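The values are calculated or read from the model by the stated rules, or taken from the named source; none is laboratory data. Source: prediction; values computed, not measured. Counting neighbours? That spans all protein chains shown, and the Cβs are built from the backbone with ideal geometry, glycine included.
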């Protein structure tokens, strides 16, 4: 038998920087003592750590990163083999058709008609960057097969090759925006906290495997990751101290999807904070303001110039009116003051229409069953009986109340490492209390909250337990949405897989084992989480095997909404508390730092 | 054992999640084949199993596999009885798809367990390399493409093969190893290609004494003989009793098929055919006769009518003799040195010989080489050097099995992922050899791997953009010729390693 003389790698192993942020005591063994490292007693605390275990030492991130990106990409693509929203569901189909239709109208119609064309059939109601994005994708797709985006005739098209193309556009968009932004953010965040590169790789994988984003974007179908990616880019610009760039990215995120407004107050408060503390910095303030305005202007410029050009060549924005002027959709009572034949009228018309389309104030407080405060309250008090004015004001007040503490903290203590928590807090506030919330919007608070995994003690049991709780609860509240289009299996696979990788219930309860001295807050966390996990489990069994009573056909969804709202409220409090603690406003000993909830 | 992460079980869990997500993926006619077998075995008496021909996909696996299908059909009955009707051709309700796909995943647990045993049984110094090799088999793109997308039960069958190979490691379980292999033959007769290695190993290592070949251990020989007869009797006995053996054999060995399969498997005959194609254009200048009838036949690749325009025809007998010849060479060494490592090497070389020279070889049969080879690929760096081109060529040659756009990213990205991960890991884990390595072979394999990238790009994207639907045979021919070079190269390399170590 040949003795195993250890092969010496040609390349010198890099020394990994061991930081204090590592949860597992990864004693980075030097490359020469590879064979002796088997005697070390360290072992991975959860499966995801086990998967990256061989990369602990002497593997550069350029080797591990492509593998991570390939693996998460494979899961995305495989999940995309399943059906999308609205598949074989005429007459209106779903989000997939909406996105396809926008590619159709942006490539086939003059730019001035984009926001006006047949609004009943998935009229464009996202900001301009989405329209440009659709135009780009539609142009590329039209080269492959012109029938995919043919005007009118392509509605509700279910060509399998089109599906492949559409799935590919989501992945490519994500890999061009969200993934690089996440990679850079994780690197900056972990460097800032002194977390070693191996832990950063674990956190990155956990962030990229988030079941919520995969299920909504790659299975149910949308381009949320483009907006989320731009916000991530904005966050990492802040970490790098590039405030102007962070404004550019944030405005682009707003320009892609108005939902990014959920983050806007915290972002604004932070940027304002860095202009005031530690000392007032007027040039910075003016720079930020100018860059923001300029980015907005550039974003809207194509639409406005296009409208002027179309007006000049006599293209009517609404051909169906045969040249009759129509009042503006907003401020209609002031319409008479406007000169319909002025040269600048097309700009006003476009701007009014975009605002009208993007912010549908006219709609009700909530549309579908969504796990936020209003929908849950509706179970107890029938909100339909109240005037909508009153409800809108109440909603505005409660939202303001929910976001003010977080914004205040980040304003007076603008620490960049606290930005993710501040964004998460305000996004939770919006999700819980604002009007016109969609269940998919839960991705917004989840994204910065999950990014906390890359921070200090990000992979500790406590943080993993909370971030995992928020994510699993969030996908659970999206279950009714997913099962409507027969996506139970990808739902279960992806959420259980993520729970498994991070060692979370229902696959493992190890995050709740308290080593060392048990604390009351740890005990409270455990009890609280377990109650929710048990409810979720029972709910799934009930939903699968029991028919709801006749008089209450929506019982399961209503329970889901109620439980989800309470859970999200707790997540909001957790984020807020950690933000307060992290800002140093509250004196706290190290053990109390892990304290989860205020009560 | 503390350092073996990720564990086999952890990988199995994550791989299972991925495989479940692949439920709605493309499935080949093999899916209908197996559904039909479920129906046949469930609804017909055993006497009719090998006579039933409502579907064109008649039962052509040995009896144990039919029994395996019968067992599965007992569960299928609960899931959706419609799939068990023989006339219900092309039936694929979602229950059927979920059931059949999950049955592949569930029976693959045999492979997981066998790999676990393989790592357990390897000597302490080889635990880490063995663990890496076990994971490479568990996550093999070959099994993913063939079993979980294309649809077959190779995970289960190769699990039994590895189980049997692991049992051969210890003297006390050699008998069980032989009997398990006999049972495996009754599940799928493709493993007959490996049987010569088993025969020699069991003969020399189990039935003859270690000191002298004239010292016959009659007790062992008797146990092995009766055991094998009992296994085969259980499988074929009833059919002998009913006098159905000729019918059964005609189903198992359809000799009417051609030399090359519809897609050329990357073997000697693919290179031979490629040379012939090239000679069609060159031959007139050299003054060689061109058989005009054959000019258009090979390119179509239709089963059964492979013929050559310039080069001489190949008969089944010639392929048989060549296969046997190249199998016997390593078996001589095995007979002289019946250790486990030599045995695995001999099994691998038997797989090589049958794959490279066999009649009507299917490209899926490359697993017959890759999987046994994986078990010893990390023995030292020279083994690894021979393994590398095989790993690339063998998996690339499976790409034409999946031709739908939706599965393209899965097959390519997964294979690249696997190659990068395991070739890098193997490179670190394989110990240096105490003999000098063959310089040329190393450079060859590097160049070879590099060529695969433009090739895949051309075959999957560029060809369609340049030529559209015409010359569809070109990408197939390039893929199989390229892969053939790799497989032959790794075979030659491994022969050298095998005989010099």
Notebook entry, point to check: Is there a residue in region B:426-441 that is under 16 Å from residue B:141 (Cβ atoms) and within 14 Å of chain A (Cβ to nearest Cβ)?
Noted result: yes
Check: Which condition does residue B:461 not pass, out of (1) in contact with a helix residue (DSSP H, G or I) (Cβ under 6 Å, 6 or more places away or on another chain); (2) assigned to a helix (DSSP H, G or I); (3) at pLDDT below 80, if it passes all the others?
Finding: (1)
Item checked: Single residue of region A:70-107 satisfying the filter (within 14 Å of chain B (Cβ to nearest Cβ) and in a loop (DSSP other than H, G, I, E, B)) that is farthest from residue B:14 (Cα to Cα) -> A:88
Check: Quick one: how many residues across region A:316-334 are closer than 17 Å to residue A:348 by Cβ and in a loop (DSSP other than H, G, I, E, B)?
Finding: 10
Next item on the list: Sort through B:470, B:436 and tell me the only one that's in the same structural domain as residue B:392 (by TED's automatic domain parsing), out of contact with any helix residue (DSSP H, G or I) (no Cβ under 6 Å at 6 or more places or on another chain), at pLDDT below 85 and more than 28 Å from residue B:150 (Cβ to Cβ).
Entry: B:436
Next item on the list: Output yes when any residue across region B:442-453 is within 14 Å of another protein chain (Cβ to nearest Cβ), in contact with a helix residue (DSSP H, G or I) (Cβ under 8 Å, 6 or more places away or on another chain) and touching a residue at least 40 places away in the same chain (Cβ under 8 Å), and no when none is.
Entry: yes
Margin query: Residues to consider are B:132, B:124, B:114; find the one that is surrounded by fewer than 19 Cβ atoms within 10 Å (Cβ to Cβ) and either more than 14 Å from chain A (Cβ to nearest Cβ) or more than 18 Å from residue B:161 (Cβ to Cβ) (or both).
Written below: B:124
Check: Got a number for residues in region B:307-325 being buried (at least 20 other Cβ atoms within 10 Å of the Cβ) and either without any contact (Cβ under 8 Å) to a residue 24 or more places away in the chain or touching a helix residue (DSSP H, G or I) at 6+ places or on another chain (Cβ under 6 Å) (or both)?
Finding: 5
Item checked: Residue count, region A:287-317 (criterion: over 24 Å from residue A:242 (Cβ atoms), in contact (Cβ under 8 Å) with a residue 40 or more places away in the chain and under 35 Å from the mean Cα position of the chain (by Cα)) -> 6
Item checked: Flag for residue A:5 being surrounded by fewer than 13 Cβ atoms within 10 Å (Cβ to Cβ) and either at the interface with another protein chain (Cβ under 8 Å from one of its Cβ atoms) or at pLDDT 90 or above (or both) -> yes
Check: Could we say that residue B:373 is more than 14 Å from chain A (Cβ to nearest Cβ), surrounded by 21 or more Cβ atoms within 10 Å (Cβ to Cβ), in contact with a strand residue (DSSP E or B) (Cβ under 9 Å, 6 or more places away or on another chain) and on the phi < 0 side of the Ramachandran plot here?
Finding: no
Next item on the list: Using the structure shown, decide if residue B:194 is outside the structural domain of residue B:372 (by TED's automatic domain parsing), under 17 Å from the mean Cα position of the chain (by Cα) and either more than 22 Å from residue B:359 (Cα to Cα) or not in a helix (DSSP H, G or I) (or both).
Entry: no
Next item on the list: Can you tell me which residue within region A:159-201, out of those that are in a loop (DSSP other than H, G, I, E, B) and more than 14 Å from chain B (Cβ to nearest Cβ), is farthest from residue A:52 (Cα to Cα)?
Entry: A:177
Checklist line | Breaking point among (1) more than 16 Å from residue A:70 (Cα to Cα); (2) within 14 Å of chain A (Cβ to nearest Cβ); (3) assigned to a helix (DSSP H, G or I), for residue B:420 | finding: (1)
Check: Would region A:54-62 turn up any residue that is touching a helix residue (DSSP H, G or I) at 6+ places or on another chain (Cβ under 7 Å), crowded, with 20+ Cβ neighbours inside 10 Å and at pLDDT 90 or above?
Finding: no
Notebook entry, point to check: Does region B:454-474 contain any residue that is within 26 Å of the chain's Cα centre (by Cα) and over 26 Å from residue B:408 (Cβ atoms)?
Noted result: no
Item checked: Test: residue in region B:134-144 that is assigned to a helix (DSSP H, G or I) and touching a strand residue (DSSP E or B) at 6+ places or on another chain (Cβ under 8 Å) -> no
Note to self: Restricting to region A:545-561, name every residue that is assigned to a helix (DSSP H, G or I), farther than 12 Å from residue A:473 by Cα and touching a helix residue (DSSP H, G or I) at 6+ places or on another chain (Cβ under 7 Å).
What the structure shows: A:556, A:557, A:558, A:559
Notebook entry, point to check: Filter region B:163-185 for residues that are assigned to a loop (DSSP other than H, G, I, E, B) and surrounded by fewer than 22 Cβ atoms within 10 Å (Cβ to Cβ); which is nearest to the chain's Cα centre (by Cα)?
Noted result: B:169
Notebook entry, point to check: Has region A:368-387 got at least one residue that is under 17 Å from residue A:577 (Cα atoms) and surrounded by 15 or more Cβ atoms within 10 Å (Cβ to Cβ)?
Noted result: no
